[in-house]
Each structure stands twice: as structure tokens, then as C-alpha cells.
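For reference, the structure is listed below as C-alpha cells.
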Amino acid sequence: MAPKSTAEASMEALYRIFTVPEAPDSTLGKIEKHLSENLEGFLSSHIVTQERPLHEIERDFAYSDIPEQPEFVSDHTDKLLKKLVAQSVHTASPRFIGHMTSALPYFLLPLAKLMVGLNQNLVKIETSKAFTPMERQTLGMMHHLVYGEQPAFYERWMHNADHSLGAFCSGGTIANISALWVARNNLLAPRDDFAGVAAEGLAAGLSAYGYKRLVVLVSERGHYSLSKAADVLGIGRKNFVSVPADENNRIKLDALREIAAKVTAEGGRVMAVVGIAGTTETGHIDPLREMAAVAKEYSAHFHVDAAWGGATLMSSTYRKLLDGIELADSLTIDAHKQMYVPMGAGMVLFKDPALVNAIEHHAEYVIRRGSKDLGSHTMEGSRPGMAMLVYSALHVMGRTGYELLIDTGIERAKKFATMIEQQDDFEVISYPELCLLTYRYVPSEIKAALVNATAEQVAAVTPHLNILTRFIQKNQRENGRSFVSRTKLNPVKYHREGSLVFRTVLANPLTTAEMLAEIIAEQREIAASAPSLQQHILDAAKRCGLL
């Protein structure tokens, strides 16, 4: 038997991997063929159904030295299939309904390969050329979806070198930080002998304007990225003030007004009011129009985090849920959520194209004054051309295509909520406004008794219900047939007792009612496999007089 050949580091070999594609019958060639012909089939056959513990997977990635010698592409691809692909999360599965990640339209795979092959850098015209006006147009389309300005507005501003309708970024975190960065710099703008916060810093800005602190107000359901923004922008996490939400997980307007007045009376300044259009945990939407009025009253920047729910604007039926979003000074939308493009396609949009001038940066070697380089108004520098995939998705599926996906997802979530309500041992905790809901398993006699439970009784049994919920969710994930996530909520009907719940996102158009019924059945089976945990719940209920 001839010895197996080994890869060598030579200019000839390196030249080949830069210029010559793998043969069709090679491992990589076969993968490309399978991905293009049957993505779901490839993922189903290459992602195992039984999870390995993380500590075992870590052993496959334990060495820290860079390999001295090269290896053949096919050999390396085989390793990836066994060590990486086989233990990846099957986010495209219609039974993966636990997070805001879904199946992708097949046409995006070859387009993504084209995008990577072109390797455009959207920081500057010199490394992107046509990608820059394409990205500006895509931002213009999304701006029009939200704000609906007249054609003349976009003719004037969409390709204007000194202004921007928004920016692409890696995701909602950078988008939210960018929006609040703009808000801070516009609030503490240059005046008199003060050169502006960007030049002199936050302490000098507070002194120049006579503010004790800057504050951002957002619902308690706000995304943690907003807290990061308070940290990064130097205003401090303590000044990221969480406002209580009501029983429907929407910000309490009276509490918002009360906190804003208190901050102002104490010498602080409300820098921004943030509305949520699709909370991460429950999918609910704040009263945006009313929040805009509060922001206006305090001359605060009004930002809407619509990373999840923004795509709902595509739906003629459900667009009304986001009433008042057009009043936002800035807006976050993640295209890699309900717009079905790959990860890494966040956007921040600005109602007024001049707002971004407050964060403008230039450099002689790259983003020169007067150029149309997109990097002059973005937090990130080098960026890939993800706008191309959003541009293509908007054209291939169109608004009406997205409308069908959005409407179907919301209606599917409502039907699933009805299905859960019909079970005597499951209960809905938060009903869907968009295509997201939460629920939990509760033994039937406990569910019936909880209807009239006191706060003390709820407090007595909830920790045991939480243990069972965690057990079901963990085992269902490890079984590998389906997946729901979990989170902790404070339901008003249960006296705000911290309750673990299953969190379900029904955005995948391939998910069926039959699959959802199977998921419920599997959760019930897992619960039945833990009689001791159920007994602990019953015992606690008897001790506190609930049963």
C-alpha cells in the first residue's frame, strides 16, 4: 500500500489554493453540490441527533500552537465535518424553534459565495465601488419602509456624500450603540468655548452644559446591548434606567414620565428614550407613539430597537402594531432575523440624514472629506458587503413575499398558543403579538389550583416548577429532535414571582402544526420521566395549602 501523500508548503501549492477550485468529486466539491441541491437534507444528515457534552467537544479544539505544516483541503474538510459541522446547531431545522435564527432561502448560499469571493470592503469607495451605492440604496429602501418620505427626499439624500440615512453593521448591538452615540454627540455638541463631547470628553460636556448626568430610559424588557451602549459611551450603566413593564410586557408610560421628571428635577438630562418593537423575550411592542411624545417633551432622542420586529413593517395586516415607529429619530433592524439573511446584517437608520454628522470621522488615507466612503459615519471600519444579500432578498422575495412570511409566522404562533391552551398540563405565559410566545409545563392539578393561588402559595411552588422546566428544556435540547429555549419572566398573574418558561420563536416557514404537537408531546414525555420532580411540586403545594 502506497504511503499517503502529505501537503507541502510551496509557492506552487499556495498558488493553486488561490486560483484552482476543488474537483467536483472532492469532499469540498461534494459539499458544495449538496448544499446547492438540498440544504435541509445535507444539514439533517451531517448534524448529529445526540449532542456531545461541551467538555468533550473542547478536546477537539485543545491545542494552541499553529500547525507548522499545511494539510490538503479535502483532509481538512473531513475534519470539519466530523468535529465542527456534526456538533453545530441545526438552526435551519423546522423543529429548532427556540431562537431568532431560521432557515435561509437557498439562493443566498451561492450569492454569499459570490460576496465572499469579491471580498469588498465597505469602509471606502476604493475597496467597494458599486457596493457603496448599492448599500446606500438598500438603506434607502429600508428608510422608506419606516419613514415613507417622498421620492425627492431620497433623490437628495440617498447618495449624498456628507449625509447618511443609516449604516450596516454586524448586528443590533452595534446598531443600538451607534444610535446612542449619535444621540450623545448631538446632545453635547460644540458651543461657545466647548469643542464638543467627541473632542473634549463626557466630563467636559456635562460641565459645559450643566448636567449632573445623562440618562437613557428603556423598558425592563430592553435588550442587554443597550446597557453595553451606556458602558461604551461613558454615561455609565447606572444611568441606563430600566422602566417597569405592564402585564403585557410593554413599558408603563406613567412610570416613564415619572422617572423622566425625577431625573430632570435632580439635575440630570434624559439623553434618550428607547422603545422596543419586538422584545427579545416575549416579542411585544411598546406604545411607540406615546413614547415619542414623552421624548419630545424632554427634547430627548427617540430610538426604537426594532431588531426583531422591524420587518413586520412589510405586512399590510400587522404594520399597525408598530404605530408611531415613524416618529423615531433612529431605528435598529436586524436583517438576519425576520428578513432571512445570514448572520451579520444589522442596520441603524436615521430619520434626519444630518444626524450622523455628529459622529463623522475622516482620515487622509481612507475616508477623506467629500468622498462617499461609508466608513465616515460608521462605528465599524472594515465591513463585508452584507448589504448585497439584503438587497437580493428584497428583490427576490419582494415586500409581498415578506408579508406572507410575517403573516404566516404570527398566525402560526397564535395557533400554537391555542394548542397549548387546550392542554390540561401546559399554560401560555405570554401570548404572541408577533411570532414569539412563552409557555410552560405544569402538572394538571397544580395548573387548576394556581388560578386562585395567593402570592405565598405561588412563591412556594414556583421554585419546584422552575426546576422541572429547566429539566425538560435541557433534556429536549440534548435529545436533539427539537429545541425550545428558556428564559425567566415575572408574570403579573403570578405576583411577579420569577418563573422559568419555554420561549418559542415561530419564524421558520417550514415549521408545521404537526411538528409543534410533537414538541409538546416530547416535553410531556420528558416530564413523565421525572416523577420525583413532579412529586416535589405536589408536596410543596400541599404544604402551603394550595392542594
Taking amide H positions as placed in the peptide plane 1.01 Å from N, state which residues far from GLN120 in sequence (5 or more) or on other chains have amide H under 5 Å from it.
GLY385
Quick one: which residues, 5 or more positions from PHE240 or on another chain, have an amide H under 5 Å from its amide H? H modelled 1.01 Å from N in the peptide plane, none for Pro or chain starts.
VAL216
Report the Cα centroid-to-centroid distance between the stretch 129-195 and the stretch 489-531 in angstrom, as an integer.
40
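R0 = 30 Å: FRET efficiency of ASP25 with ASN119, Cβ-based, nearest 0.05?
Values: r = 27 Å, r/R0 = 0.91.
That gives a FRET efficiency of 0.65.
Can you tell me how the stretch 278-437 classifies by the Cα gyration tensor, rounded, prolate or oblate, using a/c under 1.5 as the rounded cut?
prolate
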Local charge sum around SER316 (other residues, Cβ-Cβ under 13 Å, Lys/Arg +1, Asp/Glu -1)?
+1
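Report the net charge of residues surrounding LYS488, where surrounding means a beta-carbon distance below 15 angstrom and charges are Lys +1, Arg +1, Asp -1, Glu -1. Don't skip to the end; give the middle numbers.
Values: positive: ARG221, ARG440, ARG470, LYS474, ARG486, ARG496, ARG503; negative: GLU220, GLU281, GLU497.
Computed value for this residue: +4.
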Plugging the Cβ-Cβ distance of THR400 and LYS129 into 1/(1 + (r/R0)^6) at R0 = 30 Å yields, to the nearest 0.05, a FRET efficiency of 0.40
Would you pull out the residues with amide H under 5 Å of PHE350's amide H, same chain only if 5 or more places away, H placed 1.01 Å from N?
GLY166
Using a 1.4 Å probe and counting only protein heavy atoms, arrange ILE359, ILE467, ILE57 so the residue with the most accessible area comes first.
ILE467, ILE57, ILE359
Mind giving me the nanometre distance, one decimal, between the label points for ARG59 and ALA199, set 7 Å out from Cα along Cα→Cβ?
6.1
Can you pull the one-decimal nm distance between simple spin-label points at HIS34 and MET515, each 7 Å off the Cα toward Cβ?
2.0
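Tally Lys/Arg at +1 and Asp/Glu at -1 over every other residue whose Cβ is under 12 Å from the Cβ of ALA179; what's the total? Present the calculation step by step, with values, prior to reporting the outcome.
Numbers: positive: ARG184, LYS351; negative: ASP305, ASP329.
Net of charged neighbours comes to 0.
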With a point put 7 Å past each Cα toward its Cβ, work out how far ALA528 is from ALA448 in nm, to one decimal.
2.0
Rounded to a whole %, the carbon-and-sulfur portion of the accessible area of the stretch 101-206 at a 1.4 Å probe is 58
Would you tell me the accessible area of MET11, worked out with a 1.4 angstrom probe on the heavy atoms of the protein chains, in Å² to the nearest 10?
150
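Grab the beta carbon distance between MET343 and SER5, set R0 = 41 Å, and tell me the FRET efficiency rounded to 0.05.
Details: r = 37 Å, r/R0 = 0.90.
Once rounded, the FRET efficiency stands at 0.65.
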Of LYS82, LYS493, ordered by accessible area with the largest first and a 1.4 Å probe, the sequence is LYS82, LYS493
On full extension of the chain, what length is gained from SER227 through ALA261, given 0.36 nm per residue of separation minus the C-alpha to C-alpha distance?
10.1 nm
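Starting from the residue with the highest accessible area, list TRP157, TRP308 in decreasing order, probe 1.4 Å.
Values: TRP157 40, TRP308 5 Å².
Listed by decreasing accessible area, they come as TRP157, TRP308.
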In sequence order, what are the phi-derived ³J(HN,Hα) couplings for the stretch 197-214 according to the Karplus relation 6.51 cos²θ - 1.76 cosθ + 1.60 with θ = phi - 60°, rounded to whole Hz, with x for glycine and proline?
5, 5, 8, 10, x, 5, 4, 5, x, 4, 5, 5, 9, x, 9, 6, 6, 10
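Taking the solvent-accessible surface of protein heavy atoms with a 1.4 Å probe, what is the per residue accessible area of the chain in Å²? Provide the component values of the computation, followed by the final result.
On the way: 25710 Å² over 547 residues.
Counting only protein heavy atoms, the per-residue value for the chain is 47 Å².
The values are calculated or read from the model by the stated rules, or taken from the named source; none is laboratory data. Bear in mind the structure is a predicted one, so any value in this text is a computation, not a measurement. Here the Cβ is made from the backbone with ideal geometry for all residues, glycine too, and neighbour counts use every protein chain on show. Surface areas here come from the heavy atoms of the whole protein model, side chains and all, with no ligands, DNA or RNA. Shrake-Rupley method; radii C 1.70, N 1.55, O 1.52, S 1.80 Å.
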